[in-house]
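Undergrad: Below you will find the structure I want to go over with you.
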Amino acid sequence: MLIIETSKCCEVLDITPQAKAAIFASKTVSGICVVSTRHTTTGILVNESEGGLIDDIQSIMSSIVPDDGYSHDLIDNNAHAHLKAMLIGSSSTLPIMNGELMLGTWQSVLFVEFDGPKTRTVDVSIVPDK
């Protein structure tokens with residue numbers, strides 16, 4: 001389990017090193033790694049961890065889902081965060097081969113915050129092959 005402190009309302013954080021550390025600690029040679037968030041206003045995605053692309057992700061999400069005008073806002077004014085997280089998804093499953101997380105050259109595991117700053121919990125579950 002990872003504890004992540006976000007510092008902004010909308011933020012994208014590269015958690016690849018933590019996922020790799022969990023695989024190393026488990027001594028798993030072959031299997032799968034499931035990275036999942038426990039929060040309905042955050043997401044997990046696999047993509048490039050490059051500053052311009054991260055800005056673009058935040059920009060496109062804001063243009064697809066504006067910040068106001070939703071029924072849920074009557075409760076806690078964060079409907080936009082729930083809707084953005086729904087589009088990103090709450091988990092990613094990746095293969096482990098030869099003790100390594102199988103990512104493409106430019107791929108990273110990214111945690112996406114839409115309702116921060118907050119303390120968040122992310123699970124990294126390692127399932128070894130039998």
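Here's the yes/no breakdown for (1) over 19 Å from the mean Cα position of the chain (by Cα); (2) not in a strand (DSSP E or B):
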| site | (1), (2) |
| --- | --- |
| MET61 | no, yes |
| ASP67 | yes, yes |
| LEU83 | no, yes |
| SER92 | no, no |
| TRP106 | no, yes |
| PHE111 | no, no |
| GLY116 | no, yes |
| SER125 | no, no |
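Undergrad: Taking only the range 102-115 into account, find how many residues are touching a strand residue (DSSP E or B) at 6+ places or on another chain (Cβ under 6 Å), surrounded by 13 or more Cβ atoms within 10 Å (Cβ to Cβ) and not β-branched (Val, Ile, Thr).
TA: Qualifying residue count, the range 102-115: 5.
Undergrad: Would you tally the residues in the range 19-46 being within 22 Å of THR105 (Cβ to Cβ), buried (at least 16 other Cβ atoms within 10 Å of the Cβ) and either among the polar types (S, T, N, Q) or touching a helix residue (DSSP H, G or I) at 6+ places or on another chain (Cβ under 8 Å) (or both)?
TA: 4
Undergrad: Continuing with this model, one more query. For the condition under 16 Å from ARG120 (Cβ atoms), among the small types (Gly, Ala, Ser), at pLDDT 95 or above and not in a helix (DSSP H, G or I), what is the one hit in SER36, SER49?
TA: Of SER36, SER49, the one residue that is under 16 Å from ARG120 (Cβ atoms), among the small types (Gly, Ala, Ser), at pLDDT 95 or above and not in a helix (DSSP H, G or I) is SER36.
Undergrad: Can you find even one residue in the range 61-80 that is under 16 Å from LYS20 (Cα atoms) and in contact (Cβ under 8 Å) with a residue 40 or more places away in the chain?
TA: Checking the range 61-80: not a single residue is under 16 Å from LYS20 (Cα atoms) and in contact (Cβ under 8 Å) with a residue 40 or more places away in the chain.
The values are calculated or read from the model by the stated rules, or taken from the named source; none is laboratory data. As the structure is a prediction and not an experimental result, all values here were calculated from the model. Note that each Cβ is placed from the backbone with ideal geometry, even for glycine, and that neighbours are counted across all protein chains shown.
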